[in-house]
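> Could you have a look at this structure, given as C-alpha cells, before my questions?
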Amino acid sequence: MSEQVERILNMVKDGKVTPEEAETLINAISKKSETSSGSDCHLRIKVLETKSNGQKPTVVKINLPIKVISMLAKSTGKIGLDHVMKHNKVKESLSNYGLKTDADGNIVDIDAFIKALDELCANAPVELVDIVEAENENGESTVVKIFVE
C-alpha cells in the first residue's frame, strides 16, 4: 500500500475525511500514477552528416521527454516531422512501426501516435531507426538514429 493511501486511510480513521472523500482522493492518486507512467521516457534523435573536403560535420542531437511530445500533440493536434521525414529510409522505418504521415510530414492520427508513444515507453529501450549510409562519391556519409529510452 502506498504511503499516500495510508495517510488517507488514517485521515478516515481520525474522522478528518469521510469514506466517500477518501475514495475520491485514492482514485485521483491512482489516476495520476497511471498517467505519469513513462514520465522519464525520452525520444532521442541523433544525426551525423560528414562533409567532403574536410568540412566540419553536421551533428544534431535531440532529446525530448515523451511527456512533452504527448502534451504538444494533444494541445496542437499535430506534430510536424517534415525535416526528419525528408529522408526516405527514416520515413520507411517509422512507417514500419505504424506511424502514418501526410505529404508534409505531419502525423495523421494524433491519438494513435500518443498511444504508440505510451507503448514504446512501456517497452523501452526501443530503437526505431538505425541508418548508416556509407560514404558516397563525394566523401559524405549520414548516420541517423531514433530511439526511445
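The values are calculated or read from the model by the stated rules, or taken from the named source; none is laboratory data. All values derive from a computational prediction rather than experimental measurement. Virtual Cβ from ideal backbone geometry, glycine too; neighbours counted across all protein chains shown.
> Among the residues of the stretch 140-149, which ones are in a strand (DSSP E or B) and under 15 Å from L64 (Cβ atoms)?
K145, I146, F147, V148
> Shifting gears a bit: I'd like the full set of residues that are buried (at least 16 other Cβ atoms within 10 Å of the Cβ) and either modelled with pLDDT under 75 or of a type in the set (D, E, K, R) (or both), limited to the stretch 85-104.
The answer is M85, H87, V90, K91, S93, L94.
> Based on this model, can you work out whether D82 counts as acidic (D, E), surrounded by 12 or more Cβ atoms within 10 Å (Cβ to Cβ) and modelled with pLDDT of 75 or more? Show your work before the answer.
Details: acidic (D, E): yes; surrounded by 12 or more Cβ atoms within 10 Å (Cβ to Cβ): yes; modelled with pLDDT of 75 or more: no.
So D82 fails the test.
> Count, please, the residues in the stretch 94-139 that happen to be of a type in the set (A, V, I, L, M) and part of a loop (DSSP other than H, G, I, E, B). Before the answer, list the steps.
Taking the stretch 94-139 as the starting set, the residues that turn out to be of a type in the set (A, V, I, L, M) are 94, 99, 103, 107-108, 110, 112, 114, 116-117, 120, 122, 124, 126, 128-129, 131-132, 134.
Of the ones still in play, those that are also part of a loop (DSSP other than H, G, I, E, B) are 99, 103, 108, 124, 134.
Matching residues across the stretch 94-139 total 5.
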